[in-house]
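Values quoted throughout were computed directly from the atomic coordinates according to the rules given, and no laboratory measurement underlies them. Fair warning: this is a prediction, and the values are worked out from it, not measured in the lab. Cβ coordinates were reconstructed from backbone atoms using ideal geometry, including for glycine residues, and neighbour counts include every protein chain displayed.
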Amino acid sequence: MKAVYIHGLGSDAGDELLRTISEIVPLEPVFVDYSHLYEKEGWLTEVLSVVKEQIPREEHVMISHSFGGPLSAYLQNKETKALVFIAPAFSVNIGIRFTVLAEAARKGYAYFESKKGVWLSMKDLNTFFRLMQRAPAATVPFAIIVGEEDLIVDNRAARAYFHKSNEKRSWFVEIAGAGHLFVDREKEIAEISEAFLRSLGII
């Protein structure tokens, strides 16, 4: 079985957290990359189709970080056996939302400072928020792993996503003292992901 890794906004297939997980989870890794879209205005309208093309048409699990979480929720299919959401961006903190919308209203775009800079027009931002907030419920067992001190995403949205599911084998894990990128906690996240997949008999 394969493990499909989907990175977050401003990152790419070299995401350090996801690479660390792939070294511990004993499944064949497939690293999705949609970072080449970042320089195109309106790129968020294409992102689902670009990611979908990279998901293998065979049994797999999807392990995602940040904005990769909503993307994997949309793209789960009959071959998807489990989902692991790490700091999923089902909503962003209100301060960030206000800041980027104000910047976009003033300049015509907002800029996300990250590994790979991302410019988002007002149209892009509207699509971005809509994709996050309307992410479909998981149809397979899933784990949500959040950082207690995440200043980027709103963990309340992750909890709400968890509680609207009837999947009893799912996990919700909050990591004390951890932020959005889980710096120096990557191995811990990898071990939780592996334990969850083992609990399902996938590995």
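For LYS123, the aspartates and glutamates whose Cα comes closer than 20 Å to its Cα, not counting residues fewer than 8 places off in the same chain, are GLU39, GLU41, GLU46, GLU103, GLU113. In this Cβ point-charge picture (+1 for Lys and Arg, -1 for Asp and Glu), the chain has a dipole of about 780 debye about its Cα centre.
Using the Cβ-Cβ distance between LYS78 and GLU188 with R0 set to 30 Å, the FRET efficiency works out to roughly 0.40. Taking only the Cα atoms of region 2-199, the ratio Rg/Rh comes out at 0.94, with Rh defined as the Kirkwood radius. Looking at region 2-199, the DSSP beta bridges with both ends there are about 15 percent antiparallel. Straight-line cross-link reach from LYS2 at under 17 Å between alpha-carbon atoms covers these lysines, not counting any fewer than eight positions away in the same chain: LYS52, LYS78, LYS81.
The distance linking region 45-77 with region 131-167 is 16 Å (Cα centroid to Cα centroid, whole angstrom). For region 120-203, the share of alpha carbon pairs falling in successive 10 Å distance bins from zero is 15, 39, 36, 9, 1 percent. The charge dipole of region 49-153, taken about its Cα centre with unit charges on the Cβ atoms of Lys, Arg (+1), Asp and Glu (-1) only, comes to about 420 debye.
Looking at region 1-104, which trypsin sites (Lys or Arg not before Pro) are DSSP coil and have at most 10 other C-beta atoms within 10 Å of their C-beta? Provide the component values of the computation, followed by the final result.
Values: sites: LYS2, ARG19, LYS40, LYS52, ARG57, LYS78, LYS81, ARG97; in loops: LYS40, ARG57, LYS78.
The qualifying sites are ARG57, LYS78.
Applying both filters, DSSP loop and at most 13 other Cβ atoms within 10 Å, to the trypsin sites (Lys or Arg not before Pro) of region 164-203 gives LYS164, LYS168, ARG169. The alpha-carbon of LYS115 sits under 20 angstrom from the alpha-carbons of these lysines, leaving out residues fewer than 8 places away in its chain: LYS40. When the chain is treated as a GNM with alpha-carbon contacts under 10 Å, the residue of VAL153, VAL183, VAL47 showing the greatest mean-square fluctuation is VAL183.
Towards the positive end of the charge dipole of region 2-199, with charges on Cβ (+1 Lys, Arg; -1 Asp, Glu), say which of SER165, VAL50, SER72 has the farthest Cα. The one lying farthest along the dipole's positive direction is SER165.
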